[in-house]
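A.B. asks: Just dropping this structure here.
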Amino acid sequence: MTSSSASPPELEEVRRRVFLALFVALAVALHTVEVLLPNPLPWFRIGLANILALTALFSYGIQALWIVSISRILIGSLLLGSLFSPGFLLSLGGGLVANTLMSFGYKLWQNKIGPVGVSVLGALGHVTGQLLIAWLVVIRHPSIWMLLPFFLLFALISGIVNGLAADYLLTSLYKHPAFARLKQNQDIANSEPHLEP
Amino acid sequence: MKAIGWVQRLTPFDRKLLIVVAVLVALSFLLPLSQSVGARVIVSSDDRVIFVAPLNKEQRIELEGPLGITVLQIENGSARIVSSPCPHKICIGMGKVSHTGDLLACLPNHLVIRIEGDSAGEDAEYDFIVR
């Protein structure tokens, strides 16, 4: 399929880097467009960039998730001119909690959880992390936690939407020969016998 | 969006997880609504507490601020601002407050009035504090 003279492992490594770079670029693009879109509810973002982070997670693992996610936050806020501003801290805080939850969920329920499940975990984590930073840094008033239920509800819905988009993207990507090796690994991982009693 | 088609993209575990999460989110809506009726009014000017009073005693208090005197009325277990020298009178429009954590504020006059609950704070021993 490919006319490369490199050995397969090398090729896979190069592919991984190229695709991760593409994912980061796409994530930044989505992040930027999303922030610029008119929105009646401030701070209620759908978080479309997470779609790419999820794709990276299910394609290349937890390290890839962190690479794409953190890069997106840094580069996105650099482009929007909000690097190191309170908005950036909120984004970073939310991103860290979200990534931790997603890594946990993915690791813990390795073969059982799908993109939608991880996405919902990530969305809830992101929202909680943002409120946490907002409480600690911006508005030191416990009443801010009154917003939590509404944020959680929005996060649940947008988490499902993002997860579905990521699932769609993943199934489309797996059809491409460049991802054939990954699909093989996934299938091997999925068909491994469980060592549970 | 098709009604049930998207559910097929979820693994069985995802569906269980979603149900658990949905229940948790629904529960989170109930927590703040079970608020207790407040016990004390705490008035601060520029983040400095200048007045504390219980909610059960009916009284009318004049609060001093940079713009002038804001009058606070405590009656029937709730507090409200009756008059204020601010230009927009938003504080009066905020109405009555009686639950723990409720807030009245007259920002032009630098006044914030909070309701605090029954849990003993550092001022629990005092009936009035004027600084």
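A.B. asks: Report yes if B:Ile92 is open to solvent by 20 Å² or more (accessible area, probe 1.4 Å), in contact with a strand residue (DSSP E or B) (Cβ under 7 Å, 6 or more places away or on another chain), of a type in the set (Val, Ile, Thr) and not in a loop (DSSP other than H, G, I, E, B), otherwise no. Please lay out each step first, then the result.
C.D. replies: Details: open to solvent by 20 Å² or more (accessible area, probe 1.4 Å): yes; in contact with a strand residue (DSSP E or B) (Cβ under 7 Å, 6 or more places away or on another chain): yes; of a type in the set (Val, Ile, Thr): yes; not in a loop (DSSP other than H, G, I, E, B): yes.
So B:Ile92 passes the test.
A.B. asks: Here is a follow-up. Across the stretch A:1-32, what is the total count of residues that are among the β-branched types (Val, Ile, Thr) and touching a residue at least 12 places away in the same chain (Cβ under 8 Å)?
C.D. replies: Kept after step one, since they are among the β-branched types (Val, Ile, Thr), are these residues of the stretch A:1-32: A:2, A:14, A:18, A:24, A:28, A:32.
Cutting the leftovers down to touching a residue at least 12 places away in the same chain (Cβ under 8 Å) gives us A:2, A:24, A:28, A:32.
Here the count works out to 4.
A.B. asks: Here's another thing I want to ask about it. From the list A:Leu164, A:Leu124, which one is free of Cβ contacts under 8 Å to residues at least 60 places away in the same chain and farther than 14 Å from A:Phe58 by Cα? Give the derivation first.
C.D. replies: Numbers: A:Leu164 fails: farther than 14 Å from A:Phe58 by Cα.
On inspection, the qualifying residue turns out to be A:Leu124.
A.B. asks: Between residues in the stretch A:102-113 that are at the interface with chain B (Cβ under 8 Å from one of its Cβ atoms) and residues that are among the acidic types (Asp, Glu), which pairs lie under 8 Å by C-beta distance while being six or more apart or on different chains?
C.D. replies: Hits for this filter: A:Ile113/B:Asp14.
A.B. asks: Quick one: would you say B:Pro85 is touching a Gly at 6+ places or on another chain (Cβ under 7 Å) and surrounded by fewer than 18 Cβ atoms within 10 Å (Cβ to Cβ)?
C.D. replies: On the way: touching a Gly at 6+ places or on another chain (Cβ under 7 Å): yes; surrounded by fewer than 18 Cβ atoms within 10 Å (Cβ to Cβ): yes.
For B:Pro85, the condition - touching a Gly at 6+ places or on another chain (Cβ under 7 Å) and surrounded by fewer than 18 Cβ atoms within 10 Å (Cβ to Cβ) - is met.
A.B. asks: Would you please name the residue that is farthest from A:Leu164 (Cα to Cα), looking only at residues in the stretch B:7-16 that are more than 7 Å from every other protein chain (Cβ to nearest Cβ) and surrounded by 13 or more Cβ atoms within 10 Å (Cβ to Cβ)?
C.D. replies: Kept after step one, since they are more than 7 Å from every other protein chain (Cβ to nearest Cβ), are these residues of the stretch B:7-16: B:7-8, B:12, B:15-16.
Now narrow it down to the ones that are surrounded by 13 or more Cβ atoms within 10 Å (Cβ to Cβ): B:7, B:15-16.
Numbers: B:Val7: 9, B:Arg15: 13, B:Lys16: 16 Å.
Top of the filtered list is B:Lys16.
A.B. asks: Tell me, which residue of the stretch B:17-27 that is facing another protein chain (nearest Cβ under 9 Å) and closer than 13 Å to A:Val120 by Cβ is surrounded by the fewest Cβ atoms within 10 Å (Cβ to Cβ)?
C.D. replies: Checking each candidate, the answer is B:Leu24.
A.B. asks: I want to confirm something. Restricting to the stretch A:1-20 and keeping residues that are in contact with a Ser or Thr (Cβ under 9 Å, 6 or more places away or on another chain) and open to solvent by less than 70 Å² (accessible area, probe 1.4 Å), which single residue is farthest from A:Ala64 (Cα to Cα)?
C.D. replies: Residues of the stretch A:1-20 that are in contact with a Ser or Thr (Cβ under 9 Å, 6 or more places away or on another chain), as a first pass: A:10-11, A:14, A:16, A:19-20.
When the remaining residues are screened for being open to solvent by less than 70 Å² (accessible area, probe 1.4 Å), the result is A:11, A:16, A:19-20.
Working: A:Leu11: 17, A:Arg16: 9, A:Phe19: 10, A:Leu20: 7 Å.
Residue satisfying both the conditions and the ranking: A:Leu11.
The values are calculated or read from the model by the stated rules, or taken from the named source; none is laboratory data. Because the structure is a prediction, the values reported are computed rather than measured. Positions of Cβ are backbone-derived with ideal geometry, glycine not excepted, and every protein chain shown enters the neighbour counts. Calculation scope for accessible area: heavy atoms of the full protein, side chains included, ligands and nucleic acids excluded. Shrake-Rupley method; radii C 1.70, N 1.55, O 1.52, S 1.80 Å.
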